[in-house]
Amino acid sequence: MHQPSLTDELRKSPLHGFQGDRGAPPPPRSGPSALTIAVSREAGARGGTIARRVGRKLGWQVYDQELLEYMAQEAVVSQGVLDTPPTTPANWIEARLQQLLRDKALSEHPTIVNLARVVLALAAQGQVVLIGRGAGCILPRETTLAVRIIAPLHERIAYMSQWLRLPIEEATERVRLRDERRREFVANNFHCDPNEVHNYDLVLNSSLLGEDVCAELIVQAARARAAQLVLSPS
């Protein structure tokens, strides 16, 4: 009778501890493991309202322009955010800052650097919606859903007039000034053009789509991108 050789036995039985060809485990992600949504908007396009709808639909915290500025300027609040990035190595924030500075994609002004540090700390925690302040220029594209909300100028003026109860002439000037200040802030501090459509994953016309449809489209895109983050190692 044929006695099975050692080679035959090895072919039939897996080696101890072998669990199939699963490949090497993916390396730990060096940046955020969860998605951040960065919303840029034209004045009067209802971007803030849409972003808050997105936050409610997803159950994510929303940080608007005023809150981001407050957090960056108040040392105690800023330090509290920086002390609690649970999903990412602490040195990622500083490494990203240094990369932006080397690439001249970030102003060296201390106020702007601190703003960027706060934005990065929030993104390190993930599952947040950030409105304005150049967040989309600060954060890495692979873990950020960058959204731009637009609308025709005359409709933005009409909305601003109704919202602030201003005459059309004053509302027109208010829209112009807000658009210009936002453009200058982003261009001067992040060397980025907020009107360049290629900087965004989604550009949505709130006048044609309405607030709820815009919010739902952002939510669906965020869920799809979040799934990609789970499946893709850094």
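The values are calculated or read from the model by the stated rules, or taken from the named source; none is laboratory data. Bear in mind that the values here come from a model prediction, so they are computed numbers and not experimental data. When we count neighbours, we look across all protein chains shown, and the Cβ atoms used for this are built from the backbone with ideal geometry, even at glycine.
Checking I149, I168, I157 one by one, the residue that is on the phi < 0 side of the Ramachandran plot and touching a Lys or Arg at 6+ places or on another chain (Cβ under 6 Å) is I149 and no other. The residue pairs whose first member lies in region 160-173 and is under 17 Å from R46 (Cα atoms), whose second member is of a type in the set (F, W, Y) and in a helix (DSSP H, G or I), and whose beta carbons are closer than 9 Å, counting only pairs six or more residues apart or on different chains, are A171/Y159; A171/W163. Of everything in region 86-116 that is surrounded by fewer than 19 Cβ atoms within 10 Å (Cβ to Cβ), assigned to a helix (DSSP H, G or I) and in contact with a Lys or Arg (Cβ under 9 Å, 6 or more places away or on another chain), the residue that is modelled with the highest pLDDT is L97. Going through (1) surrounded by fewer than 22 Cβ atoms within 10 Å (Cβ to Cβ); (2) over 30 Å from Q228 (Cα atoms); (3) under 20 Å from the mean Cα position of the chain (by Cα); (4) not aliphatic (A, V, I, L, M) one by one, N189 falls short only on (1). Considering each residue of region 202-214 in turn, none proves to be touching a Lys or Arg at 6+ places or on another chain (Cβ under 6 Å), surrounded by 15 or more Cβ atoms within 10 Å (Cβ to Cβ) and either of a type in the set (V, I, T) or within 26 Å of L101 (Cβ to Cβ) (or both). Of the listed requirements (1) under 16 Å from A151 (Cα atoms); (2) without any contact (Cβ under 8 Å) to a residue 40 or more places away in the chain; (3) not β-branched (V, I, T), A187 misses just one: (1). Reported count of residues in region 186-198, each being within 15 Å of K104 (Cα to Cα) and of a type outside the set (G, A, S), is 7.
Counting only residues that are modelled with pLDDT under 50, among the basic types (K, R) and in a helix (DSSP H, G or I), region 8-56 holds 2 of them. What do you reckon, is A146 within 15 Å of F190 (Cβ to Cβ) and either aliphatic (A, V, I, L, M) or in contact with a His (Cβ under 6 Å, 6 or more places away or on another chain) (or both)? Criteria met by A146.
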